[in-house]
Amino acid sequence: MTDKGIGARTLRKEDRRFITGKGRYVDDIRMQGQAYAVFVRSPHAHARIGAIGKDAVLGMPGVLGVFTGADVQADGLGSNVCGWNVVSKDGSGMNMAPYPLLCTDKARYVGDRVAMVVAETLDQARDAADALEVDYEPLPAVVDVAKAQDGPVIHDGIAGNLIYDWELGDKAATEAAFQKAAHVTRIELVNNRLAPNALEPRAALGHFDPGTEQHTLYVTSQNPHVHRLVMSAFIGIAPEHKLRVVAPDVGGGFGSKIFIYGEECLVLWASRKLDGVPVKWTADRTEAFLSDAHGRDHVSKAELAIDADGDFLALRVNTKANLGAYMSTFSSCVPTYLYATLLAGQYKTPAIYADVQAYYTNTSPVDAYRGAGRPEASFLIETIVGQAARELGRDPAELRRQNFIPKDAFPYQTPVALTYDTGDYAATLDRALDLSDYKGFEARKRESASRGKLRGIGLSCYIEACGIAPSAVVGSLGAGVGLWESGKVRFSHTGKVQVLTGTHSHGQGHETSFSQLIASKLGVPFEDVEVIHGDTEKTPVGMGTYGSRSLAVGGEAIARSCDKIVAKGRKIAAHLLEAAEADIEFKDGQFTVKGTDRAKSIGEVAFAAYVPHNYPEGVEPGLEEGAFFDPPNFTYPAGTYVCELEVDPDTGTTEILRFVAVDDFGNVVNPMIVEGQVHGGLMQGIGQALLEGAVYDQSGQLVSATYMDYAMPRAWDVPFFEVETGQGTPAQANSLGVKGCGEAGAIGAPAAVINALTDAIGVRVEMPATPEKVWHAIQATRHAQAAE
Amino acid sequence: MYAFDYAKPASLDEAARLLADDPEAKALAGGQTYIPTLKQRLAQPTRLVDLAGIPDLATIKEEGDGLAVGAMTTHKAVAASPVVQRAFPELAYLASLIGDPAVRAMGTIGGSVANNDPAADYPVVVLTLDATVRTTKGEHRGSDFFPGMFETALEPDELIREFHIPVPEAAAWEKFRNPASRYALVSVLLVRTKDGEIRCGVGGAGPTCFRATAIEDALRSSFAPEALDGVTIDAGDLNEDIHATAAYRAHLIPVLAKRCVRRMLRR
Ligand SMILES: Cc1cc2nc3c(=O)[nH]c(=O)nc-3n(C[C@H](O)[C@H](O)[C@H](O)COP(=O)(O)OP(=O)(O)OC[C@H]3O[C@@H](n4cnc5c(N)ncnc54)[C@H](O)[C@@H]3O)c2cc1C
């Protein structure tokens, strides 16, 4: 039984349906008489919208409705919102402009929704959308965050396009520490904008039932209850009790499906306007590039003050963050509370000060994308530490080790608000150096040189915060919601178990991991457990899946539900076994009278609970328990990544030769799933470092809007990863001791790659470090050397 | 995609007649270029004339001092063909690097050459070896088949039947991939013909494939990598996009040509 419990490499039970094409995604759902929505999107990055030729299109074959921003306004629907108020240095709240479901006065980025056409068939809807005439008066646009301040005003009344000017840390202490520095390392860097690229594009199917007045939305969501909340409380699509949100199988999210987008609100609203005709919309790939919230897009300056012994004294960071044309659901917290709070990294740097300015630009909204703020922080720290080591002539591993928070210093209060619970950074560093044969590098470098190649090795000692989050803490920082999670465990007559969770699986394998948890906690066979998620009408209210929180927060709610099941079961077993409750022990699914072989299985106890003929007095029938868990702290996964690569100086091509990842995820429920999560994260991190870039031209056209131009990492771009997750220091914030593993790879990898590349060619190249950029950098250094 | 009629004629002449009768009709081969174009509504043909039902268009034979390759031969078939692997292994290698397995299973040599994408691979072969393009209206020489970007010497109702590709004495193909599309950012085909002539064809770099005469001249005097030291290619006419500047493309051409030389000398 427990061979499929916690710690086992159990194959994923959901994979049979995914691999055999039996998954059921939003677009697979076909309702009787469903119609199709197509969105007319702005071809201009910034334009005033004049007349829209609705009437001409309304008569076209099959067209059921054409809707514009004016119709949305007339119906009294509200604006989309960003749920986290980040307060500026001067105490003022953030400048949140309206984020209309459909544009009213202006379009503010290429892809902004100008109108929605609904027709009986998809082709008819496309024909009508193509035919719809919209008068645009193009306006000047700004796309670069560095130029946002001087760009055209995007939202009336928001001068300089500034959303907030925020700070964290002790500025005076940081300044003072810089006065004492023996050496200061300075860096300026760009964190490149990325498109999320979930395999399944976003989709929504809205249905209004005129009889019950119930609204049902099938949607690609990572958090159906959050969708329900925002759509009812802020946008006003329907009262919350009349709104059901279902997120069935969802093919990847990486953050992009957390957010509440106009399209999904509108199809549901349109179904009501059309008296109950179900309305479906599925994005095509270019629509996904244009309209999914993007990630990253920072420009930063940082300085690290170091004393004569190589101890870090202080870190000072300024970041300009591009939030795009509108503030998406959680956009404001990404470059602030999910970013600057991580700037201590694994180091005991005593003073840190960061300030962050966030701007509007004429680009797609930017929000959380795998790692969300933490990759940007980790990249900045690990790049500047790498540069410091080069400038000081120190071994980058030893400079890091010298500055690590020692393992006996936990819990450790950083200067940027977080309290790290546990960790052993030297252990993961040592293991990674060992696995990568760090000592043998010089010989390998010589061997490469003999073939005319430039070899480099790079480290990244990342840390992140997962398991978001203690509600009171995030509330005090401006979050509009609590970030607890719910779980429920329900036995049936026959001893089978349903697990209900407020989290959502869109590739992570929750059905397997949570079943393993039940198998271990309750001794029920893995196969007898069914995990239910993604339907606001089935599961308790939950906050969903992001920030690697599902197991650390949601799993703990399930674990606590199990504890309640055992507590109740003990009472029932004591009655059935005619023993005192205190004498009942529970292990491997058996309630046993201490010191005897008299026992009742949990299945027998469940049966007794539902057929309570012989039953303890005062105990309710049934065996179903739930829990809500609000974590006391974040969890802090950390580790060391080592990248070794070779550059061809003739072309600038980089080949990654080895990638070693040693992660401390605390306890691990399914090592195979965890390794898979790391592999995926590493691919995205390496993709960011070498390949991926969402590129706008200066007029605001997205020039990387197809796979012909957006470079996705492929299997052949990387070697076999060497991943180890065995070195855990268990997390303190949950009884399972788990930390979360979904984002680590994407957080830690970029700096390892870029440090290795810098080691190889002697200068740092901005991400994505394409062959051409690398080649130019090599040429420039050679010219400089020749001139000396 | 817009709605269209569909025809699946049984002979190439019938296909050509269908195209001649209706200027808005369009031939369909493997669909790897044209179907995505249709899906994006970038073309609106009245009728698709599918060439997949025509027998004997996907054959590979040795013919004289070359290979006769039918227009509907897939990239996969060329890559796997024992005839090609024996007579002209570098052509099989070239085909094996096109796109991905799905593209190679469907895409055809005829479609690739008729489409003349600046980054496509087969046009470089047809140009460099001066292959004969046999069509429903006669023959064309590969050396003047590609007037410009996405243009060929074909008339709208003219269909490619097969190619006659002279087999070179020796050849090397180097493809530097665009990191996003994996088409060629720059490709170089270097050959020594049966008459001992050195020819260097370049793909991906310009509006259409071309011969790098500076490289040919340098290698004619000395067939060694060092002969290309100092050979530069004018970036003026080359493509520039988010993946590469014209200058970088110009730089890559002799680099890839040198690799071809090294590989040919090693054999
Ligand atoms: C992801 C991807 C990657 C690719 N990578 C590469 C690559 O690395 N290198 C490369 O060279 N190509 C690449 N291609 C293109 C691929 O090789 C296509 O197969 C080829 O360009 C077109 O061939 P097709 O048979 O699919 O033609 P279709 O798409 O069916 O037709 C293309 C055009 O040719 C015309 N046509 C077709 N057959 C004939 C004929 N017999 N006579 C006259 N006209 C005809 C059609 O009317 C149409 O205009 C890639 C394609 C994709 C989708």
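The values are calculated or read from the model by the stated rules, or taken from the named source; none is laboratory data. These figures come from a predicted structure and were not determined experimentally. With ideal geometry, Cβ positions are generated from the backbone for all residues, glycine too; neighbour counts draw on all protein chains shown. Please note that ligands, DNA and RNA were not included when accessible areas were found on the heavy atoms of the full protein model with its side chains. Shrake-Rupley method; radii C 1.70, N 1.55, O 1.52, S 1.80 Å.
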Problem set entry | Reach of A:LYS147 by Cα under 25 Å, taken over lysines that are not fewer than 8 positions away in the same chain | A:LYS89, A:LYS106, A:LYS301, A:LYS320, A:LYS773
Exercise. What lysines sit close enough to A:LYS571 to cross-link, taking a C-alpha to C-alpha distance under 27 Å and skipping anything fewer than 8 places away on the same chain?
Worked result: A:LYS488, A:LYS496, A:LYS521, A:LYS587, A:LYS594, A:LYS600
Problem set entry | Ratio of Rg to Rh over region B:5-50 (Cα coordinates, Kirkwood Rh, two decimals) | 0.97
Exercise. In degrees from 0 to 90, rounded to the nearest 10, what is the angle of the helix B:246-266 Cα long axis to the longest principal axis of chain B?
Worked result: 80 degrees
Exercise. Carbon-plus-sulfur fraction of the accessible area of region A:315-455, 1.4 Å probe, in percent?
Worked result: 55 percent
Problem set entry | About the Cα centre, charge dipole magnitude for the protein assembly as shown (Lys/Arg +1, Asp/Glu -1 at Cβ), debye | 1460 debye
For this session: Just reorder A:TRP281, A:TRP716 by solvent-accessible area, largest first, 1.4 Å probe, all chains present.
Result: A:TRP716, A:TRP281
Exercise. If you roll a 1.4 Å probe over region B:170-266 with all protein chains in place, what percent of the accessible area is carbon or sulfur?
Worked result: 47 percent
Problem set entry | Relative counts (whole %) of C-alpha pair distances in region B:170-266, using bins that are 5 Å wide | 3, 14, 27, 26, 16, 10, 4, 1, 0
For this session: Indicate the helices, whole DSSP H runs only, in chain A that combine a mean Kyte-Doolittle hydropathy of 1.0 or more with a Cα extent along their long axis of 20 angstrom or more.
Result: A:744-761
Problem set entry | Whole-Hz couplings from phi, Karplus 6.51/-1.76/1.60, listed for region A:334-347; x for Gly and Pro | 5, x, 10, 6, 9, 10, 5, 5, 9, 6, 6, x, 9, 10
Problem set entry | Normalised contact order of region B:5-50, rounded percent, pairs of Cα under 8 Å and 6 or more residues apart | 56 percent
Problem set entry | Exposure of A:TYR369 as accessible area (Å², to 10), given a probe of 1.4 Å and all protein chains | 10 Å²
Problem set entry | Using alpha-carbon coordinates, inclination of helix B:12-21 to the longest axis of chain B, degrees | 70 degrees
Seminar exercise, completed: For the A:GLU655, A:ARG782 Cβ pair and Förster radius 22 Å, calculated FRET efficiency rounded to 0.05 is 0.60
Problem set entry | Where region A:700-788 is the region considered: accessible area per residue in Å², 1.4 Å probe | 39 Å²
Seminar exercise, completed: Here the Cα Rg-to-2.2 N^0.38 Å ratio for region A:644-719 is 1.41
Exercise. Dividing the convex hull volume of the alpha carbon atoms of region A:442-492 by its residue count, what do you get in Å³ per residue?
Worked result: 232 Å³
Problem set entry | Karplus 3J(HN,Hα) series, Hz, for region B:45-55 with 6.51 cos²θ - 1.76 cosθ + 1.60 (x for Gly, Pro) | x, 6, 8, 9, 9, 7, 8, 5, x, 8, x
Problem set entry | Cut-off of 10 Å, at most 16 other beta carbons, DSSP loop: longest stretch of chain A lacking such trypsin sites (Lys or Arg not before Pro) | A:181-393
Exercise. Stretched out fully, how many nm does the piece from A:GLU240 to A:SER450 gain, at 0.36 nm a residue minus the Cα gap?
Worked result: 68.7 nm
Problem set entry | Overall Cα dimensions of region B:60-166, principal axis frame, Å, largest first | 33, 31, 21
Exercise. Considering amide H positions built from the backbone, and no H for Pro or chain starts, which residues 5 or more places from A:TYR696, or on another chain, come under 5 Å of its amide H?
Worked result: A:VAL703
Exercise. To the nearest 10 square angstrom, what accessible area does B:THR232 show with a 1.4 Å probe?
Worked result: 110 Å²
Problem set entry | Beta bridges per DSSP with both ends in the protein assembly as shown, % antiparallel, nearest 5 | 80 percent
Exercise. Shape call for region B:118-207 from the C-alpha gyration tensor, a ≥ b ≥ c root eigenvalues: rounded (a/c under 1.5), prolate (a/b greater than b/c) or oblate?
Worked result: oblate
Exercise. For A:ASN667 and B:THR37, FRET efficiency with R0 = 35 Å and r from the beta-carbon atoms, rounded to 0.05?
Worked result: 0.10
Exercise. Roughly how much accessible area, to the nearest 100 Å², goes out of reach of solvent when A and B pair up, both sides summed, probe 1.4 Å?
Worked result: 1800 Å²
For this session: Give the carbon-plus-sulfur fraction of the accessible surface of region A:506-605 in %, rounded to a whole number; probe 1.4 Å, heavy atoms of protein chains only.
Result: 46 percent
For this session: With label points built 7 Å along Cα→Cβ from the Cα atoms of A:LEU392 and B:ALA3, find their separation and express it in nm.
Result: 7.3 nm
Seminar exercise, completed: Over chain A, the sum of -39500 (n - 2.57) across DSSP H runs of at least four, divided by residue number and rounded to 500 deg cm²/dmol, gives at 222 nm -8000 deg cm²/dmol
Exercise. How large is ³J(HN,Hα) for each residue in region A:654-667, as worked out from phi by the Karplus curve 6.51 cos²θ - 1.76 cosθ + 1.60 (θ = phi - 60°), to whole Hz, x for Gly and Pro?
Worked result: 9, 10, 7, 8, 9, 9, 10, 10, 10, 10, 9, 9, x, 6
Exercise. If you take the charge dipole of region B:224-267 about its Cα centre, with +1 on Lys and Arg Cβ and -1 on Asp and Glu Cβ, which of B:ILE233, B:HIS243, B:PRO254 is farthest toward its positive end?
Worked result: B:PRO254
Exercise. For chain A, what's the relative contact order in percent, using C-alpha pairs closer than 8 Å and at least 6 residues apart?
Worked result: 16 percent
Exercise. One-quarter of the Cα convex hull surface for region A:630-788, in nm²?
Worked result: 12.9 nm²
For this session: First measure r as the distance between the Cβ atoms of A:ASP105 and A:ALA146, then evaluate 1/(1 + (r/R0)^6) with R0 = 25 Å and state the FRET efficiency to the nearest 0.05.
Result: 0.40
Seminar exercise, completed: Mean shadow area (nm²) of the C-alpha convex hull around the protein assembly as shown is 47.9 nm²
Problem set entry | Sequence-distant residues sharing a close amide H with A:ARG202 (under 5 Å, placed H) | A:ALA283
Seminar exercise, completed: Judged on accessible area alone, 1.4 Å probe, highest first, A:SER291, B:SER222 line up as B:SER222, A:SER291
For this session: Return the long-range amide H neighbours of A:GLN214 (sequence gap of 5 or more, or a different chain), with a cut-off of under 5 Å between placed amide H atoms.
Result: A:ASP209
